[in-house]
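The next block holds one structure in the form of structure tokens; read it before the comments.
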Amino acid sequence: MEPEATRSEKQTPDRRGGVLTDLSAGPPPWLLRAFLLAAATIAGLIFGFWVLQRLQGLLTVLMVSLFLAFAIEPAVNWLAARGVRRGLATGVVFLGLLMIVGGFLYTLGSLLIDQVTTLVQNAPEYADRMVDWINDTFNTELSGTDIQKYATEWSDQIEGYLVGLAENAWGIGTAAIGALFQGLGVLLFTYYFAADGPRFRNAMSSLLPPHRQRHVLRAWDIAVEKTGGYIYSRGLLAVCSTLAHYVVLRVLDVPSAFALALWVGVVSQFIPTVGTYLAGALPVIVALVNGGPGDALWILGFIILYQQFENYVLQPRITATTLDMHPAVAFGAVIAGAALLGPTGALLAIPVTATVQAFAGAYIRRYEVETDVEAPAPEPPKRNGPNRMRELMLRLTRAQH
């Protein structure tokens, strides 16, 4: 038994005869544990954000590699189903893609060299033609001396800019080496993800209970289907665009017609949102420099017309089975991806959104909307009180007789 004096020190009676606990007794024991748990949670979140920030480059490489592995996995599966070992099939697909990319870069490099050489050789002629066009259009009186003065001022500015770049050569070289290592990392991880795709998928699924493995495997298959369909449909659209623009550029006798058409086809399809404008600017500029404003306007008009034909006729037919996505949803996904991950997010936004949309559609049940609702049948008229009473009286009278 605790002495009465000790208990009276810990408890104090209130005015209503109750007992109040003395605050000097100390905090409850759970309060310290709550503070420690909150501090550990905050410290863990700060450490997690710090780790994610440090590993942002690696995570981006892994994300791009997984996207590319999903894109080439249908081709690898097709070769593997015909008896080719999976590692060799992945190497064959890789070799084909590298040849395509190398041919594209070689074609664009030759285009760039030809156009720069032509521009340097014919610079005085272009300057005179530009002066004549400005004078005839805006009723001015410019001369070659004025153009030379402006060119001198611009050359001084360009020289200062180049000097600044030369002073920062170490930083540019470091960034180039970092980009090279990131590219090699993307190729390496993409090869491993594609070659060991089934093994990697089984290893990830083995960490989950059996009733959840089915959902993971289904999501994986949907991601492969949508990503591969996106790449192949864009490739087909790029081929159609290249052929159409090549014919028009050859008819207008624009130099480097094939290289310009290939540029338009690839850039307009594989760079979301702004790819069409970037693709169309180069052939318009080349036509303006070599043929004049008339050829440039013809090419600009054809690019606009073909873009409408592609958006409303060609693209819905090609992507109907691969990317059933509303254009507004695709545009919003590109903006969101660019805001989150920059250019990488813009490139990955459409296939990721298509995968999420297809996965959600597989589990969300939809109902048909009833537009023509039948009106309810009219209720029979109710008999009023006096008529019903009269019928009862007649039945009673007949029963008595």
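The values are calculated or read from the model by the stated rules, or taken from the named source; none is laboratory data. In this text the structure is predicted, and so the values were computed from the model without any measurement. Note that each Cβ is placed from the backbone with ideal geometry, even for glycine, and that neighbours are counted across all protein chains shown. These area figures cover heavy atoms from the full protein model, side chains too; ligands, DNA and RNA do not enter into them. Shrake-Rupley method; radii C 1.70, N 1.55, O 1.52, S 1.80 Å.
Counting 0.36 nm for each residue step from I100 to T41 and taking away their Cα separation leaves a gain of 16.2 nm. Between L112 and Y312, the FRET efficiency estimated from the beta carbon spacing at R0 = 41 angstrom works out to 0.75. In this view, the solvent-accessible surface of D221, computed with a 1.4 Å probe and all protein chains in place, comes to about 80 Å². Of the peptides 293-302, 255-264, the order by per-residue mean of other Cβ atoms within 10 Å, starting with the highest, comes out as 255-264, 293-302. The stretch between D136 and A203 holds 16.9 nm of extra length on full extension. This uses 0.36 nm per residue minus the Cα-Cα distance. Between V251 and V239, what is the label-point separation in nm under the 7 Å Cα-to-beta-carbon projection? Using points 7 Å along Cα→Cβ, the separation is 2.3 nm. Once the C-beta distance of R85 and L188 is scaled by a Förster radius of 25 Å, the resulting FRET efficiency is 0.85 to the nearest 0.05.
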